[in-house]
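Single-structure report; data block below.
Since every read-out is calculated from the coordinates, none of them should be taken as a lab result. Please read all numbers here as calculations on a predicted model, not as lab measurements. Every residue, glycine among them, receives a Cβ derived from its backbone with ideal geometry; neighbour counts consider all protein chains shown.
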Amino acid sequence: TIQLALATVTDLRGAEPGKWDASTAAACARYQRGIGFVGKDASGLPNVQTLKRLARETGLFTLDA
């Protein structure tokens with residue numbers, strides 16, 4: 001679901017479905033930079049802030065954190 005959401009807001013293509021691969025991490029890092037993360041905060045690993053914003057922007061999932 002996160003990959004689908006990232007594909008909605010980035011140019012994620014070619015990622016292996018259901019696997020957090022290099023393509024998915026790179027798309028997540030691009031998304032993080034796009035929403036204002038800088039330096040090591042744009043690591044490509046989703047934190048709560050990233051997931052909340054991604055959920056809100058895409059409407060594809062909810063996050064109770």
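Over the chain, what relative contact order in percent results from Cα pairs under 8 Å that are six or more residues apart?
Details: 66 pairs, mean separation 19.1, N = 65.
Reported relative contact order: 29 percent.
Would you tally the net charge around F37, using a Cβ to Cβ cut-off of less than 12 Å, leaving F37 out, and scoring K and R as +1, D and E as -1? Could the numbers behind the result be given before it?
Numbers: positive: R30, R33, K40, R53; negative: D41.
Net charge in that neighbourhood comes out at +3.
Percent of Cα pairs in the chain per distance bin of 10 Å, from zero to the largest separation: 24, 59, 17. Please return the longest stretch of the chain lacking exposed loop sites, where trypsin sites (Lys or Arg not before Pro) count only if DSSP places them in a loop and at most 15 other Cβ atoms lie within 10 Å. That would be 20-65.
FRET efficiency for the T1 to V38 pair, using the beta carbon distance and R₀ = 30 Å, is estimated at 0.70.
In debye, nearest 20: dipole of the chain around its Cα centre with unit charges on the Cβ of K, R (+) and D, E (-)?
Values: 8 positive and 6 negative charges, 30 e Å.
Here the chain has a charge dipole of around 140 debye.
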